[in-house]
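What follows is a single structure, written as structure tokens, with notes after it.
What follows draws every value from the coordinates through simple rules; no lab data is involved. Bear in mind the structure is a predicted one, so any value in this text is a computation, not a measurement. With ideal geometry, Cβ positions are generated from the backbone for all residues, glycine too; neighbour counts draw on all protein chains shown.
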There are 2 protein chains.
Amino acid sequence: MKIMNTRPTMDDVAEKAGVSQMTVSRVMNGKGYISEEVRGRVRAAAAEIGYVQNRLARGLRSEKTPLVAVVLPTLGNSVFNDVLSGITDALTQAGCRPVFGVTEYSEEKEDELVRDLLSWRPSGIVLTGLEHSDITRAAIAAAGVRVAEIMDIDGTPISMAFGMSQSAAGHATAKHMLAQGLRRFAYAGSHSGRDLRAGKRLEGFRRTLREAGATLLSENISPNPSSMMEGRRMTAEILSRPDKPEAIYYSNDDLATGGIMHCLSNGVRMPEDIALAGFNGLPFLEALPVGLTTVETPRYEMGKQAGQFLSRPDPDLADDTGKVIDLGFNLIAGQTC
Amino acid sequence: MKIMNTRPTMDDVAEKAGVSQMTVSRVMNGKGYISEEVRGRVRAAAAEIGYVQNRLARGLRSEKTPLVAVVLPTLGNSVFNDVLSGITDALTQAGCRPVFGVTEYSEEKEDELVRDLLSWRPSGIVLTGLEHSDITRAAIAAAGVRVAEIMDIDGTPISMAFGMSQSAAGHATAKHMLAQGLRRFAYAGSHSGRDLRAGKRLEGFRRTLREAGATLLSENISPNPSSMMEGRRMTAEILSRPDKPEAIYYSNDDLATGGIMHCLSNGVRMPEDIALAGFNGLPFLEALPVGLTTVETPRYEMGKQAGQFLSRPDPDLADDTGKVIDLGFNLIAGQTC
DNA sequence: GGCCAGTATGTTTACGTAAACATATAAGTA
DNA sequence: TACTTATATGTTTACGTAAACATACTGGCC
């Protein structure tokens, strides 16, 4: 019995099967001509000694890997879980695997992360949003990887973007609220406003209010991460002010749900005393006693299509450059405005 | 100007800096003696030509990688998002990166996935639960990677387990419900019962009922994935039967929340007409008008500790074998029983 | 019979890195 | 002075694989 101090290689399989290493490689990858008899012998030998291919060596030699780098701002938000789920499903179908990291909405961390992920020589990379530093852009250009930018389409993509117009979502929400006769607004966001997409929604919202002559009394940005409790706290604070708004636009459903909690607990009527609107259309909203007015987003689909794009074999890169796929959104009129 | 058809290597940096490739390697990895002057020259040269290390080559040569394989049943459940978040945080701190895949609660997919992930020669692997096929066990043993098993501690871990006792959670829930004077129960689960941990909870629940002489009228297992709508549908069905139970134990909070929705919509009082209990203690429960009785689980912490264990440098493997870290749980008595 | 195309296999080499070993200078020490 | 020690660098090699190229055998066709 041969003692294996290291993991078996193709050479070990080759010796066992009485063929050359290259023949083992051909059997494993299904390339080139192999007789049925040899194929069987090699398969049996590989199974017997428990051969597992070494993807590092494979990637090094063939200069390509079935890896796709995924850069997300956070995992602490179910939005990006849906996105990651879509990406993973698409990649898995194509035999690729995601390697990911989170930036926590920081540009420096994005630069660092992109650089690190590119050291794995992935065949593609998924970025969140369209705003990236020159450092990141240069690194990606030098690496020559395919890029999919998700969530946002308000801007010029490096290669291809799968998302929706964030400013249009802000606009649509404002229009809907204005149509209810609301005139005096407040905005509530979180994370020190580092979420650029939330910023774009706010901008669309703000512009639409201005055009209608309505007032945005205050823009409240918490330094804390988004959560229901934070939304509740912010709502209590906003409603305690002398110039109380008629409506609050939140940067997402979590904060808005916190608003609903505050109102329910304090006998504040929605929308009579205060109108509320959120963003994302998360599934748990269905279970709330009050239907939140919000904008439903195609989260899974963005991830899925981005994943499919990156795992599409040998596509014509030139054709895709600067293209945008608008996956749209859906304003859901609830009971809060 | 030199034309780069391929990505720059250490040799390119070395040429530019007027040193040998090995010196570049030493500067990059901070190993061995390097004069300040040369270090500066190499750094500058690397920055100028945009050198990015090739982790495939590094891993191949050094026979180790900063990768950790992560095997989860699904991403479509915020439980595993929390877990993944904990794992990612711990690994990132230690300079490691997760490569993951999902099994969809299938043993065959787990076997396939583990095999595939091991081909990246990770330094560790995270598995969900303690039940794994002989194929997976053999593959892991042959690979010699460290293993962390998460979520469950009812059994014998391969190396180390970070979780909680699922059957104890089922027992605790049953005990609490029995203490409310409830005697006639139904169980509602999903996913064809493929979730082994839900099975263990049910078993603990069932046993405790039996010991108390109470009745488990029916065990309802939906073939569909868990969701609020599925829970609502199942609840409606269970309550429409002639032998209506006094209480329903759900396999998780999503299903239980669906039960709450059904009750609220149909004027069914909780707990008078029907008592409900869930599992997980997800954050959105706080926003519901009725406080669900549930068991809060240390999801993030399980992932975090598993990640820390796997990224701990050069630990004494022998010491950890078969060890279990019980992170406990917390029964939250709500208004539903 | 000679030649081509298709089939089946082997040999050599290179991918980019780090381990192992070798070399060289300067500074301290017996 | 000779001899160690610390510091600073270079050379050779191997990690496991697949591309490129070479070889050999088969059967069909003119």
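Things worth noting here:
- Alpha-carbon centroid distance for the pair region A:288-313 / region B:7-44, whole angstrom: 45 Å
- Relative contact order %, chain B, counting alpha carbon pairs below 8 Å whose residues are six or more apart: 18 percent
- In the elastic network of chain A, a GNM with C-alpha springs shorter than 10 Å, the most mobile of A:Val114, A:Val268, A:Val79 is A:Val268.
- From the C-alpha gyration tensor of region A:10-53, square roots of 5λ in Å: 14, 10, 9
- Most mobile of B:Met22, B:Met151, B:Met160 in a GNM of chain B (Cα contacts under 10 Å): B:Met22
- Quarter of the Cα convex hull surface for the protein assembly as shown, i.e. its orientation-mean projected area (nm²): 35.9 nm²
- Average partner coverage of B:66-78, which counts Cβ from other chains inside 10 Å: 2
- Our coupling estimate for region A:23-31, obtained by passing each phi through the Karplus curve with A = 6.51, B = -1.76, C = 1.60 and θ = phi - 60°, is 5, 4, 4, 5, 5, 4, 9, x, 10 Hz, Gly and Pro reported as x.
- For region A:166-296, a simple Cβ point-charge model (Lys and Arg +1, Asp and Glu -1, everything else neutral) yields a dipole of about 360 debye relative to the Cα centre.
- For region A:10-53, the dipole from Cβ point charges (+1 on Lys and Arg, -1 on Asp and Glu) about the Cα centre works out to 180 debye, to the nearest 20.
- Dipole-positive endmost among A:Phe279, A:Met177, B:Gly59 within the protein assembly as shown (Cβ charges, Cα centre): B:Gly59
- When peptides A:81-91, B:217-227 are sorted by average Cβ neighbour count within 10 Å, with the highest value leading, the order is A:81-91, B:217-227.
- In this rough spin-label picture, where each label sits 7 Å from Cα along the Cβ direction, the A:Met22-A:Asp243 distance is 8.0 nm.
- Taking label positions 7 Å along the Cα-Cβ direction at both B:Ser62 and A:Arg207, the computed distance is 4.9 nm, reported to one decimal.
- Between the alpha-carbon centres of region A:95-136 and region A:242-279 there is a gap of 36 Å.
- Rounded to the nearest 20 debye, the dipole magnitude of the protein assembly as shown is 860 debye, with +1 charges on Lys and Arg beta carbons, -1 on Asp and Glu beta carbons, and the Cα centre as origin.
- Considering only A:Ile260, A:Ile34, A:Ile150, the mean-square fluctuation computed in a Gaussian network model of chain A, springs between alpha carbons under 10 angstrom, is largest for A:Ile34.
- Distance between the modelled labels on A:Ile135 and A:Arg312, one decimal in nanometres: 3.2 nm (7 Å Cα→Cβ projection).
- Per-residue [θ]222 nm for chain B (sum of -39500 (n - 2.57) over DSSP H runs n ≥ 4, rounded to 500): -13500 deg cm²/dmol
- Peptide B:217-223, shielding by other chains (average Cβ, 10 Å cutoff): 0
- Cross-link partners for A:Lys323 among the lysines, with Cα-Cα distance under 26 Å and sequence neighbours closer than 8 places in the same chain left out: A:Lys64, A:Lys200, A:Lys304.
- Spatially proximal aspartates and glutamates relative to B:Lys109 (Cα-Cα < 16 Å; intrachain offsets below 8 disregarded): A:Asp89, B:Glu131, B:Asp134, B:Asp195
- Taking amide H positions as modeled 1.01 Å from N, with prolines and chain starts lacking one, the residues under 5 Å from A:Asn220 and 5 or more places away or on another chain are A:Tyr187, A:Ala188, A:Gly189.
- Rounded to 5, the percent of DSSP beta bridges in chain B classed as antiparallel: 5 percent
- With respect to chain B, whose longest principal axis is taken over its alpha-carbon atoms, helix B:107-118 is tilted by about 20°.
- Among beta bridges identified by DSSP and lying wholly in the protein assembly as shown, the antiparallel ones come to about 10 percent.
- Its residue count N fixes a reference of 2.2 N^0.38 Å for chain A, and the Cα radius of gyration divided by that reference is 1.29.
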